[in-house]
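The values are calculated or read from the model by the stated rules, or taken from the named source; none is laboratory data. Given the structure is predicted, the values throughout are model-derived calculations rather than measurements. Cβ: placed from backbone, ideal geometry, glycine included. Neighbour counts: every protein chain shown. In case anyone asks, the SASA skips ligands and DNA or RNA and just uses the protein heavy atoms, side chains included. Shrake-Rupley method; radii C 1.70, N 1.55, O 1.52, S 1.80 Å.
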Protein chains: 2
Amino acid sequence: MSHIKNIIPTTVNPDLQKERSAATFDVEELAVWFQRSAEKLKTKREVERVVFANLEDGYGLNHEYMSHEDLYNSSVKKVAEAAPKLKALQKKLNPGGKDIWPGGLISEIGNGLFPANHPLATHTSMFVDVINGQGTPEQVAKWGPLAENCNIIGTYAQTELAHGTNVRGIETRADYDIRAGEFVLNTPNLEAYKWWPGGLGHTANHAMVVAQLYISGKHKGVQMFIVPLRHPETHLPLPGIDVGEIGKKLGMASVNQGFLGLKNVRIPRENMLMKFAKVDRDGKFTASPVSRVNYLTMVYTRCLIVELNTQLLLGAATIATRYSAVRRQSPIEPNGPEPQIIDHVTQRLKLFPEIATGIAYHQAAEYMWELYDQTVLDANNGKFERLPDMHVLSCALKVLCSTDGCAGIERLRLSTGGHGYHIAANLSNMYGNAVASYTYEGENTVLLLQIGRALVKTWNNFTQGKGVSSSYAYFEPSMSLKEFPKWDNSWQCIVKALQYTATHKTRIAFENLSERIAAGQSQGQAANNTGIELTRAAELHGRQFVCQTFVEQITGPKAQKRSKALNEVLENVLEMFLVQTVLNNLSDILRFINLTDEDLRSLQKRLEQSLEKFRPNAVAFCDGFDFHDRVLNSVLGSYDGNIYPRLFDAAKRSTMNQKHVQKSFETHLKPLMKSNL
Amino acid sequence: MSHIKNIIPTTVNPDLQKERSAATFDVEELAVWFQRSAEKLKTKREVERVVFANLEDGYGLNHEYMSHEDLYNSSVKKVAEAAPKLKALQKKLNPGGKDIWPGGLISEIGNGLFPANHPLATHTSMFVDVINGQGTPEQVAKWGPLAENCNIIGTYAQTELAHGTNVRGIETRADYDIRAGEFVLNTPNLEAYKWWPGGLGHTANHAMVVAQLYISGKHKGVQMFIVPLRHPETHLPLPGIDVGEIGKKLGMASVNQGFLGLKNVRIPRENMLMKFAKVDRDGKFTASPVSRVNYLTMVYTRCLIVELNTQLLLGAATIATRYSAVRRQSPIEPNGPEPQIIDHVTQRLKLFPEIATGIAYHQAAEYMWELYDQTVLDANNGKFERLPDMHVLSCALKVLCSTDGCAGIERLRLSTGGHGYHIAANLSNMYGNAVASYTYEGENTVLLLQIGRALVKTWNNFTQGKGVSSSYAYFEPSMSLKEFPKWDNSWQCIVKALQYTATHKTRIAFENLSERIAAGQSQGQAANNTGIELTRAAELHGRQFVCQTFVEQITGPKAQKRSKALNEVLENVLEMFLVQTVLNNLSDILRFINLTDEDLRSLQKRLEQSLEKFRPNAVAFCDGFDFHDRVLNSVLGSYDGNIYPRLFDAAKRSTMNQKHVQKSFETHLKPLMKSNL
């Protein structure tokens, strides 16, 4: 149907090839560093080689043209076909581990395998983990293997139609029937329908239902219950179960999120998870000892979110950078040739700071993983001191990384002009998948308010001369300064400036909060009225942490393990990030620190110079993330840079292009044209 | 299939009802003001009454579950059914006008009728307009009625796969064959394929092709040619025509954007539009006299973009505000009840400034329309002085309104938490439709650079004592100040501060540009290297204009036509906008203006107070935009506020929920579960 056939060249676009030749560092060294070890890089590549082999033609795009229902069914097929491959690779490459199976389902590789996501993620992560983490040994023995082997598929049903972040407000109810030794579960009203659990729609046949426990009419708090939903052979909903999917969303088209209503659904007593709280046969309730273990799970999940968002941001940056090295547009000299758009300074500003942001969060996540491992060790030895700090920092990282990462992906999409609007660029899909993290695992503003409250509480201790834990240690040196010293343009100076600003933002939030309380407002009212300042202080607390960590990771002892060439480009990235962070937060910084016009001009110049310096390394640096073409799944971002042939090829794959005339021509268009409207 | 049936109450949610009762102004007066006359409001309501009556059940949502192809066909049906209704209403309500037909196709009402957009927009706007504006009287007589009556459907084919904003770079070629008296059109390579024209895929049977004209091998510039694409009876592509759709995009699912390749396609000489440039039978070429008329069309189009983006932003704000008045979450007092989330101060900050932004652009657009009408009058009298200014201002408005509007829609979506992620909230769809305007009609950064270049050119004149036109008149008073006077917190002070800042940003951009030229860089290089500063100065030039216009429209003579109550709430909105604009641009302002800590605290307090003051009017204010439920098309934003029943109803409409078990259960899921993975 076209003049042009088999159009994708097997050669690399010469502009891209030229960029790669000009790089000042070894891409393979960067790839090892980015993957955190040569071993991990090797495993990743081997897994990719196997799972991405022999995929059907149009694997990454065809689903976009399907109906919602067909798309779901195609995703089930994809995940069912990938599961045994991943499991076999796990056994072969890292027996006993979980990084490939089930880890591969929620990972960079998973993004490539399941571009519309898939309905097993909640099962393999939350359902399995909650059983293993919150079940008694008997429960773990019974349910764990069934779930891990996918003999049963579960989901985690906590959020309700009208109840989200505030878990205490959920209304689903489990009454213990002492006579029968069973729990009776009910959804008291429409607002209490479970809503959002992944895979709940038409995939899971079990759910971990979070409900308010009642024994003899007395409330015993929120507990978790394993509830069978569907018949194991027919998959039909069991009696009393009203289950279905909630419908289409902005992204994650195949996660199959569902709703669940329960009407007098009975389950055995043994189906309540009882590692902590317990109900015995006679209805005696034993409360849970306050458990800090949950904190650790939350920290873990948030670190994972940071990793995933970082991958998506850097994936988008790779796509946009490669595109910008191939696309030519708008002469720089009035009648000159059209340059690669990466040579427009305004374009560099759209691309490179996003790369720097991705690396900053990559480094922050690395630090947090190290801290996490240490904290798990400590916890096993009964030491929990580090937990509250880690919790606050992981919240801050989750908020900042999802906010910056999603905004960055969208800026990168816009940087590719019209072509980024096409679904085959995959940038809108990446955004849709990433931006859900703004809301899940604690809505970002709610988390910022929590951090803000931790900050003012800590500030109160600090002003009373009580010790504060290490992540607030910057309060003291900041407050010991009468005023911020002369700007010396060093990285340390930038970090100190952010810490000084964060300190004073906390101080002001505390003062305003105190004033309001002194004026008669309740603690709650005063905190609400100080909300804007609390969230802003929280944000800066996070930003100083990210900057400080980034400086330490790049300039600290780890630098000795890297080549001079790699350190140089990483320092270039660090410089971009720090200068950009200062410029983006000037409105707060200038409130407390007196930067001269000279200082400000020099910051602007440093920004421009760091962009200029990064220019020859940009394409190669993105290569170092080692994103497989299947993972990027983008006609604009493939390694070969054949953007136009690939765009055209993608167009030809549209189902509509398989025929010349659509059926609505005879039924509606032609009648309209003949009607002499 | 559910415990709950026919669930949407016919009553209004009591929380919303309470909000409406508490408003301090007359909603109907606001509606008249917002629609710009009682007559327009009445017409709008009558059109809505007719076109939204008797739509099929699920009209606004069903298309989301269709395949790409079915969705297209359903949209053709929708537009073919709406066209005669709109045309009849035009005749009845405003004969001779164009506001209902074809205006209704691209309007607020169009958003409601065609939630996935439709493939006739480019036809009724650009194809028809270009014929009428660029054709000879004979051409207008021949083609105009055919196009206006939809006897032929056309599109406007300018952009190519590799050539966008820089029109001079397009490669499609039209060679005049003197012997035959015909043009021969060709697409020389893949990169020159036409790409993006709306309706080109499978709808249009004609295209206005923009191509490089050659006569006897000599280049005669870019011209426009009417090219038949498809057979009028069979709709099959004509010989030499390679046409199809480009595929799915982020938004505008049914615009049916297409590609077009031409191979020796011959058209009569009379098919080149010849109002300006001409080719006679013997191949003699007459160049166009430089036409300023194009400028006016561009200004008109950009004003229209501002209007459409404003509608989308305020539509999103209405949805999020109503939702926030019904949704309850997170106690303010530790063990208190869950409040309407609109009572969280951080939530107000997410909602109300977006409303203020929408009104600011609504007012700026109004001013621009008035200026436009005046300029058309002047142009008819041969006076063109105002055109360059208007061009720059309309560019700035387009850039700012699309940037702020799209970011605002997404912030509003995020403010509704998880439910905003659902397609039935319609917020993601609004974003997808709005954000295309970031790129079309001049990519935003390209436009900012144009504005920036106009600014430094004007600055050069200004410093040489030459007069500058009125939209740069603020340079002079700003530069006459030794330093900015003491902050007095008035609206005038805020406007002057923005003008002072814009002036100095322009000055610095000019200085840096000059320095670079002095250092030996070419004009082009220097402008590129000053790109970041040029765009930032351009942005501030736009912002001072929006603020100044807003103050004038609200506090000027027009205020006397409004009631005191309405003026009061409009002043509240103005206050929010100005304070927010200062706070958002503090990093630039503080560079030039020395605000004390006291000033900054008072600005923060003003923000909080203005949010507080607007709180009781928020719901009613949104009611005053008079958005029909069909236009909002949102389960979260309907007038009755029944958010949960509507969410549930939307879920039940998913095609997947029409059966309990999906076919992939037997084919893939059950085998996986039985496989003992």
Relative intensity, log₁₀ I(q)/I(0), of the range A:610-659 from a Debye sum that treats every alpha carbon as a point, q = 0.13, 0.15, 0.31 Å⁻¹: -0.44, -0.54, -1.09
Spin-label zone in the range A:206-250 - amide nitrogen under 11 Å from a point set 7 Å from the Cα of A:Ala180 along the C-beta vector: none
Inter-site label distance for A:Asn264 and B:Ser470 at 7 Å from Cα along Cβ, in nm: 7.8
Magnitude of the charge dipole, the protein assembly as shown, Cβ model with Lys/Arg +1 and Asp/Glu -1, debye to 20: 1240
Tally of Lys pairs whose C-alpha atoms are under 19 Å apart, taken over the range A:151-291, 8 or more apart or cross-chain: 9
Carbon + sulfur, % of accessible area of the range A:294-389 - ligands and nucleic acids excluded, 1.4 Å: 56
The range B:46-148, dipole about Cα centre (Lys/Arg Cβ +1, Asp/Glu Cβ -1), debye to the nearest 20: 420
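Taking every eigenvalue of the Cα gyration tensor of the protein assembly as shown, multiplying by 5 and rooting it, what semi-axes result, largest first, whole Å?
48, 38, 34
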Shielding by partners, peptide A:253-261 (average Cβ within 10 angstrom, other chains): 2
Cα-projected label distance for B:Ala565 with A:Val167, points at 7 Å along beta-carbon direction, nm: 4.8
A:Ala141/B:Asn676 FRET efficiency (R0 22 Å; Cβ-Cβ; nearest 0.05): 0.85
Simple spin-label estimate for B:Asn584 and B:Thr297 in nanometres, 7 Å along Cα-Cβ: 3.2
Of all accessible heavy-atom area on the range A:151-291, the percent that carbon and sulfur account for (1.4 Å): 53
Shielding of B:384-393 by partner chains, average beta-carbon count, 10 Å: 0
Förster radius 41 Å - calculated FRET efficiency between A:Gln658 and A:Asp488 (Cβ-Cβ, nearest 0.05): 0.05
Residue-by-residue Karplus 3J(HN,Hα) for the range A:532-545, coefficients 6.51, -1.76, 1.60, Hz, glycine and proline x: 5, 5, 5, 5, 5, 4, 4, 4, 5, 4, x, 5, 5, 5
For a label point 7 Å along the Cα-to-beta-carbon line of B:Glu612, residues of the range A:514-546 with backbone N under 18 Å: A:514-535
Accessible surface of the range B:36-118 [probe 1.4 Å, protein heavy atoms]: carbon and sulfur percent: 54
FRET efficiency for B:His231 and B:Arg281, using Cβ-Cβ distance with R0 set to 25 Å, rounded to 0.05: 0.35
Accessible area per residue in Å² at 1.4 Å probe, computed on chain A: 37
Reach of A:Lys605 by Cα under 16 Å, taken over aspartates and glutamates that are not fewer than 8 positions away in the same chain: A:Asp488, A:Glu575, A:Asp597, B:Glu511, B:Glu515, B:Glu533, B:Asp588
Anchor A:Lys40: lysines whose Cα lies under 19 Å away (excluding residues fewer than 8 positions away in-chain): A:Lys85, A:Lys87, A:Lys91, A:Lys92, A:Lys98, A:Lys558, A:Lys561
Complex-versus-alone comparison for the range A:37-82, residues with a loss of 20 Å² or more in accessible area, probe 1.4 Å: A:Glu64, A:Tyr65, A:Ser67, A:His68, A:Glu69, A:Tyr72, A:Asn73, A:Val76, A:Lys77, A:Ala80
Total charge dipole magnitude, the range A:525-573, about the Cα centre, Cβ charges on Lys, Arg, Asp, Glu only, Debye to nearest 20: 260
Total accessible surface hidden between B and A, rounded to 100 Å², 1.4 Å probe: 13000
Histogram of C-alpha separations across chain B, 20 Å bin width, %: 16, 46, 32, 6, 0
Protein-protein interface of the range A:341-377, residues with accessible area decrease of at least 20 Å², isolated chain reference, 1.4 Å probe: A:Val345, A:Thr346, A:Leu349, A:Lys350
Prolate/oblate/rounded label for the range B:50-207 (Cα gyration tensor, a/c 1.5): oblate
Under 15 Å from the A:Leu481 label point (7 Å along Cα→beta-carbon), backbone N, the range A:515-544: A:544
